[in-house]
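The values are calculated or read from the model by the stated rules, or taken from the named source; none is laboratory data. The model shown is predicted, which means the values in this text are computed figures rather than measured ones. Here the Cβ is made from the backbone with ideal geometry for all residues, glycine too, and neighbour counts use every protein chain on show.
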Amino acid sequence: MAKTAIITGGSRGIGEAMALKLGELGYNVVINYRSESSKALSDNLAAKIKEQYKVDTLVVRADVSKYEDCEALVKATVDKFGENIDALVNNAGITNNCNWIDITREQYENVINTNLMSFLHMTHLVLPYMVNHSDRHHQCCIVNTSSVGGLTGVINQADYCASKSGIIGLTRALALEFAGRGIRVNAIAPGMIMTDMLRGVNQEELNALAETIPEGFIGDVSDIAGALGYILTASYVTGQVISPNGGFVMQ
């Protein structure tokens, strides 16, 4: 029987690369997106995964910052693929890039609700399904996307960094709570990765950013997908924060 994975925020960038990796590893992939502008991207990605990897896909629009939308996402997954959910990739995330004097309550609550509360909602809803069919010989995995910002802090991103630090705490606590029950929980903390956020930056600024990285270049989304692939297949790895960052942060 094919495995099933849910990925939140899976329509583009790092999420797209990780969704493709899930398909490559033989999972049926449930791709979540939030905004109407991401629908076509999600549908095209689902079709690509089906064609390339001969697995099934499901595309679900949901605002995962809202518990009720998360319930609908999980229900749609169970209705299509059954109750055996094998992997959850919590990846939905946004940022404000705003200093703490000018930021509004609405702005920082939106970041916390999207970046952290959605992870709590989804794990709360998915873990009961995982517990019912996991053991040492059939492991289930939760992988949470954090950031080097959650390890070091970033100017003008206090809310973002707070959410990403919270993800690391959540990861470690759940890994301990479910250790020995066939459920592994890990986090990926990407460094500087070439996504839509950086594509609008001019080359001079990109070169300056690259100079701050010991390896001397900005990473690619495939670097994060590779980390996901490792975590999903590494049966002895749990409670870890893997940070593909070119040496920018060393733990």
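Could you tell me whether any residue of region 202-210 is among the hydrophobic types (A, V, I, L, M, F, W, C), modelled with pLDDT under 95, loosely packed, with under 12 Cβ neighbours inside 10 Å and over 27 Å from I6 (Cβ atoms)?
Scanning region 202-210, I find at least one residue that is among the hydrophobic types (A, V, I, L, M, F, W, C), modelled with pLDDT under 95, loosely packed, with under 12 Cβ neighbours inside 10 Å and over 27 Å from I6 (Cβ atoms), so the answer is yes.
Give me a count of the residues in region 125-157 that are over 19 Å from V237 (Cβ atoms) and of a type in the set (V, I, T).
Counting residues in region 125-157 that are over 19 Å from V237 (Cβ atoms) and of a type in the set (V, I, T) gives 6.
Give the residues of region 1-31 that are closer than 14 Å to T77 by Cα and either part of a strand (DSSP E or B) or out of contact with any strand residue (DSSP E or B) (no Cβ under 6 Å at 6 or more places or on another chain) (or both), sorted by residue number.
Of everything in region 1-31, those that are closer than 14 Å to T77 by Cα and either part of a strand (DSSP E or B) or out of contact with any strand residue (DSSP E or B) (no Cβ under 6 Å at 6 or more places or on another chain) (or both) turn out to be K3, T4, A5, I6, I7, Y27, N28, V29, V30, I31.
Would you check if there is a residue in region 81-99 being surrounded by fewer than 23 Cβ atoms within 10 Å (Cβ to Cβ), among the aliphatic types (A, V, I, L, M), modelled with pLDDT of 95 or more and out of contact with any helix residue (DSSP H, G or I) (no Cβ under 6 Å at 6 or more places or on another chain)?
Scanning region 81-99 turns up no residue that is surrounded by fewer than 23 Cβ atoms within 10 Å (Cβ to Cβ), among the aliphatic types (A, V, I, L, M), modelled with pLDDT of 95 or more and out of contact with any helix residue (DSSP H, G or I) (no Cβ under 6 Å at 6 or more places or on another chain).
Quick check on my filter: what residues within region 32-62 are in a loop (DSSP other than H, G, I, E, B), closer than 22 Å to G82 by Cα and charged (D, E, K, R)?
Those that are in a loop (DSSP other than H, G, I, E, B), closer than 22 Å to G82 by Cα and charged (D, E, K, R): K54, D56.
Quick check on region 39-46. Is at least one of its residues of a type in the set (A, V, I, L, M), within 30 Å of M192 (Cβ to Cβ) and surrounded by 24 or more Cβ atoms within 10 Å (Cβ to Cβ)?
yes
Identify, from the list Y108, Y27, Y67, the residue that is over 27 Å from D223 (Cβ atoms), crowded, with 17+ Cβ neighbours inside 10 Å and modelled with pLDDT of 95 or more.
The unique qualifying residue is Y108.
Limited to region 97-139, what total is found for residues that are in a loop (DSSP other than H, G, I, E, B) and touching a residue at least 24 places away in the same chain (Cβ under 8 Å)?
9
Tell me, please, whether a residue that is β-branched (V, I, T), within 19 Å of A17 (Cα to Cα) and in contact (Cβ under 8 Å) with a residue 12 or more places away in the chain can be found in region 198-221.
The answer is yes; a qualifying residue exists.
Looking only at region 193-207, how many residues end up being assigned to a helix (DSSP H, G or I), more than 18 Å from G246 (Cα to Cα) and among the aliphatic types (A, V, I, L, M)?
1
Could you tell me whether any residue of region 177-192 is within 14 Å of F119 (Cα to Cα), of a type in the set (G, A, S), buried (at least 22 other Cβ atoms within 10 Å of the Cβ) and touching a Ser or Thr at 6+ places or on another chain (Cβ under 9 Å)?
yes
Would region 13-23 turn up any residue that is more than 22 Å from L232 (Cβ to Cβ) and within 18 Å of the chain's Cα centre (by Cα)?
Looking for residues that are more than 22 Å from L232 (Cβ to Cβ) and within 18 Å of the chain's Cα centre (by Cα), one finds none in region 13-23, hence no.
Residue check: is I142 modelled with pLDDT of 95 or more, outside any strand (DSSP E or B), hydrophobic (A, V, I, L, M, F, W, C) and surrounded by 18 or more Cβ atoms within 10 Å (Cβ to Cβ)?
no
For (1) of a type in the set (K, R); (2) in contact with a Leu (Cβ under 8 Å, 6 or more places away or on another chain); (3) in contact (Cβ under 8 Å) with a residue 12 or more places away in the chain, each residue gets a yes or a no:
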position	(1), (2), (3)
C141	no, yes, yes
V154	no, no, no
Q157	no, no, yes
R172	yes, no, yes
A187	no, no, yes
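Among (1) surrounded by 23 or more Cβ atoms within 10 Å (Cβ to Cβ); (2) under 18 Å from P190 (Cα atoms); (3) β-branched (V, I, T), there is one condition T77 misses while meeting the rest; what is its number?
Looking at each condition in turn, T77 falls short on (2).
Give the residue, chosen from G239, G216, that is at positive phi and under 19 Å from the mean Cα position of the chain (by Cα).
G239
For region 145-166, enumerate the residues that are among the hydroxyl-bearing types (S, T, Y), assigned to a helix (DSSP H, G or I) and buried (at least 23 other Cβ atoms within 10 Å of the Cβ).
Y160, S163
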